[in-house]
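**Student:** Dropping the structure in here first, questions after.
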Amino acid sequence: MKLCILGGGGFRTPYVYQALLRDTGNPRVEEVALHDVDPERLAGMQRVLEQISRGFPDAPRVVATTSLPEALQGSDFVFAAVRIGGLRGRCCDERVALDLGVLGQETTGPGGLAYALRTVPFMLDVAEQVRRLAPQAYVLNFTNPAGIITEAMQSVLGDRVLGICDTPSGLGRRVAGLLGLDPNRVQMDYVGLNHLGWMRRVLHDGVDVLPRLLADDAALDVLEEGIVFGRDWLRTLGSVPNEYLYYYYANREAVRAITASPQTRGEFLLATQGEFYERLRTAGEGAADLWRETVTARSASYMAEAKGGEQGRPAHVDQPELDPSQQGYAGVALAVMAAVSRDERATRILNVRNGGTIAGLPDDAVVEVPTTVDANGVHPLSTAAPDLHQLGLMQQVKAVERHTIAAAVHGDRSEALKAFALHPLVDSVQVGRQLLDGYVERIPEVAAVFDRQPTG
C-alpha cells in the first residue's frame with residue numbers, strides 16, 4: 001500500500017513513520033510519499049526517517065517530492081498535516097486577535113477562523129486531486145482546524161475523509177493509566193466538535209469509572225485536565241472537558257496570560273523550529289536525535305498558559321508515559337488504516353459526518369464522537385443527547401464554522417464577518433469587523449481568499 005503524507009517536511013512525519021515501522025500486519029504500507037513545498041525540509045526529514053528506520057529491514061520506502069500530483073497518484077491513504085501561511089501566519093493569527101483583547105490561539109476562536117479561511121481553498125484542491133488521482137483513498141486529516149477542514153473536504157470526498165485529533169484518545173488512555181486500568185478495555189462516552197467536547201463516561205468492562213476518577217483527589221491533581229480546570233469545576237460539570245475548553249471556561253484568564261507572556265505559542269515555535277531546520281542541514285548522523293530533542297521541548301510547553309507556565313519555561317505535568325509511535329494521532333491513523341485495509345475493526349474518537357448521531361446538528365455537519373471503522377467504512381456510534389449547555393455551544397460554534405467555509409469557498413466577506421462576529425469568544429460585530437480587516441491586512445493568504453473572483 002502507498003501512504004501519502006502532505007506536509008511531509010514537518011515535525012509530525014516521524015511519528016507516523018514510527019507507527020508504520022512497528023506495524024506487522026498484512027497488507028501494510030510499503031511506500032511513503034512525502035510532499036512539501038520546501039525541498040530542504042523534505043531532504044532533512046528524509047534523513048531523520050532513514051536514521052529512525054535502522055534496524056527495521058522491512059521499513060517502508062520513502063519518496064520525497066514537491067509535486068502534489070506525483071505524491072497523490074495511486075495512494076491508498078493520504079495523511080494531511082499542512083500549514084498554509086507557515087508559522088509566520090500563525091503568529092499573525094495570534095497577534096491580530098490579542099491586539100484587540102481577544103483570544104489568540106490557532107484553532108480556537110478568531111485565530112482558528114483566519115487559519116481556516118486560508119487553508120480551506122488549498123484542501124479543497126487537494127480533495128479534487130485525490131478524487132482524480134487516488135479515487136479509492138481515504139484522507140486522514142490532521143490539518144487544523146481539523147473539524148472545519150474535514151467538513152469542507154467531505155463536500156468532495158464524502159465519508160472517505162476522517163478528521164484525526166489525538167486529544168480525546170490521549171485523555172482516555174491517561175485516565176485509564178491513573179486508575180490502573182488496561183486502556184485497551186476502556187471505552188469513552190465522548191461528544192462534541194473538534195477541540196470542543198466532553199468525556200461524559202469512562203466504561204471499563206461495562207462499568208462507568210468516571211465517578212471514581214472525580215472522587216480521587218490524588219488522580220485529579222496529576223490529571224492534565226484536573227490541573228487546567230481544577231478539581232471543583234470537573235466535579236461541578238460531572239464530566240471531563242477537552243482541554244481546549246479552557247479557552248471558553250477561563251477566557252479572560254487565558255487572554256490575560258497569553259498577552260502577558262513574552263512569546264505566543266506561534267512565536268516560540270517559529271524560533272525553535274527555525275533553529276531546528278537550520279541545524280538539521282548539517283546534523284548528519286545526528287538528525288534523528290536532533291528531532292527528538294526538539295520535539296521534547298516543543299511538547300513540554302504545550303498549552304503552557306493553561307498550566308501555570310509560559311512558552312519556553314512550562315510548568316511540568318507528571319503524566320503516565322505513552323509510546324508516541326503507538327499513541328496520539330499516529331496510533332489513531334494506523335488503527336484507521338488497519339481497519340479499512342485489513343478489516344481489523346477499531347473504535348476511535350474521530351471527526352466524522354454527523355448523520356443523525358447528535359440531534360440538533362445538521363446531518364452533514366462534522367462532529368467528534370466514538371466511531372467504529374472497518375472494511376465497510378466509518379460508523380459513528382449512537383450517543384446520548386448532549387445537555388443544553390453542550391449543545392448550545394456546539395450549535396453556535398458549528399454555525400461559525402459553516403460561515404467560515406462559505407467565506408473561503410465563495411470569497412465572501414459578509415460570510416467571514418458573520419463568522420468572526422458570531423463567535424462566542426468574540427461576541428462583537430465591531431471587533432469581528434476589526435479582526436477580519438486585520439487578518440486581511442496582515443496575512444496575504446487570507447487577503448487572497450477575497451481578492452479572487454467570487455463563485456456561485
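The values are calculated or read from the model by the stated rules, or taken from the named source; none is laboratory data. Remember, it's a predicted structure, so these values are computed and weren't measured experimentally. Positions of Cβ are generated from backbone atoms using ideal geometry, with glycine treated the same way; all protein chains shown enter the neighbour counts.
**Student:** Within segment 231-272, track down each residue that is in contact (Cβ under 8 Å) with a residue 60 or more places away in the chain and more than 30 Å from Pro211 (Cα to Cα). Write out each step before concluding.
**Tutor:** Quick first cut of segment 231-272, residues in contact (Cβ under 8 Å) with a residue 60 or more places away in the chain only: 240, 242-244, 246-248, 251, 254-255, 258-259, 264-267, 269-270.
Scanning segment 231-272 gives Val255, Ile258, Thr259, Thr264, Arg265, Gly266, Glu267, Leu269, Leu270.
**Student:** Something else: Give the residue, chosen from Thr272, Thr264, that is touching a Gly at 6+ places or on another chain (Cβ under 7 Å) and of a type outside the set (A, V, I, L, M).
**Tutor:** Every option except Thr264 fails the conditions.
**Student:** Among the numbered criteria (1) farther than 27 Å from Arg83 by Cβ; (2) at pLDDT below 95, which one does Thr357 miss?
**Tutor:** It fails just one condition, (2).
**Student:** Here is a list: Gly25, Gly85, Gly101. Which entry is on the phi > 0 side of the Ramachandran plot and surrounded by fewer than 18 Cβ atoms within 10 Å (Cβ to Cβ)?
**Tutor:** Gly101
**Student:** Continuing with the same structure: Taking segment 113-143 as the region of interest, how many residues are without any contact (Cβ under 8 Å) to a residue 60 or more places away in the chain and more than 17 Å from Ala448 (Cβ to Cβ)?
**Tutor:** Residues meeting the conditions: 6.
**Student:** Taking Leu103, is it in a loop (DSSP other than H, G, I, E, B), out of contact with any Lys or Arg (no Cβ under 8 Å at 6 or more places or on another chain) and not small (Gly, Ala, Ser)?
**Tutor:** yes
**Student:** Which of the residues spanning segment 208-264 are in a helix (DSSP H, G or I), under 20 Å from Arg173 (Cβ atoms) and of a type in the set (D, E, K, R)?
**Tutor:** Arg212, Asp221, Glu224, Glu225, Glu243
**Student:** Can you tell me which of (1) assigned to a helix (DSSP H, G or I); (2) among the small types (Gly, Ala, Ser); (3) over 20 Å from the mean Cα position of the chain (by Cα); (4) within 26 Å of Glu278 (Cβ to Cβ) is the one Ala97 doesn't meet?
**Tutor:** Of (1) assigned to a helix (DSSP H, G or I); (2) among the small types (Gly, Ala, Ser); (3) over 20 Å from the mean Cα position of the chain (by Cα); (4) within 26 Å of Glu278 (Cβ to Cβ), only one is false for Ala97: (4).
**Student:** Also: For segment 356-372, name all the residues that are farther than 13 Å from Ile148 by Cα and out of contact with any Pro (no Cβ under 6 Å at 6 or more places or on another chain).
**Tutor:** Step one: of segment 356-372, the residues farther than 13 Å from Ile148 by Cα are 356-363, 369-372.
Within segment 356-372, Gly356, Ile358, Ala359, Gly360, Leu361, Pro362, Asp363, Pro370, Thr372 qualify.
**Student:** Pull out all pairs, ordered by first then second residue, where Cβ-Cβ is under 6 Å, the residues are six or more apart or on different chains, the first lies in segment 61-75 and is within 16 Å of Glu128 (Cβ to Cβ), and the second is among the small types (Gly, Ala, Ser) and part of a strand (DSSP E or B).
**Tutor:** So the pair list comes out as Ala71/Ala33.
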